[in-house]
Amino acid sequence: MTPHLGMTPHYESPNRVKRVSLTPAEFAQVTGMKVKAVRVAIHNDEIKVTRLGNRLYIPVTEVKRLFGAEALELIAPLAVDAA
């Protein structure tokens, strides 16, 4: 794949972006919970979410609120390359 107009392809980007939200599946993976348990906790307003259309996004601050600041290190592997 050749870059167009001098742009760096997504897979070669050296920049990393910190995540500001997680999907329920990612939240479950990071915390060790089951996805269904995460969805039940969301339904019971135990986990705060942002809804965009029919999608749910859990702010990273919820990991810190529920599991402490040390738990934020678990999210580091989920950082994505900047486009």
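The numbers here are math on the coordinates, done by the rules we state, and not lab data. The structure presented is a predicted model; accordingly, all values stated were derived computationally and were not measured.
Things worth noting here:
- Available extension along the chain between ALA25 and LEU52 is 8.1 nm, counting 0.36 nm per residue and deducting the alpha carbon span.
- A convex hull fitted around the alpha carbon atoms of the stretch 32-83 yields 106 Å³ per residue.
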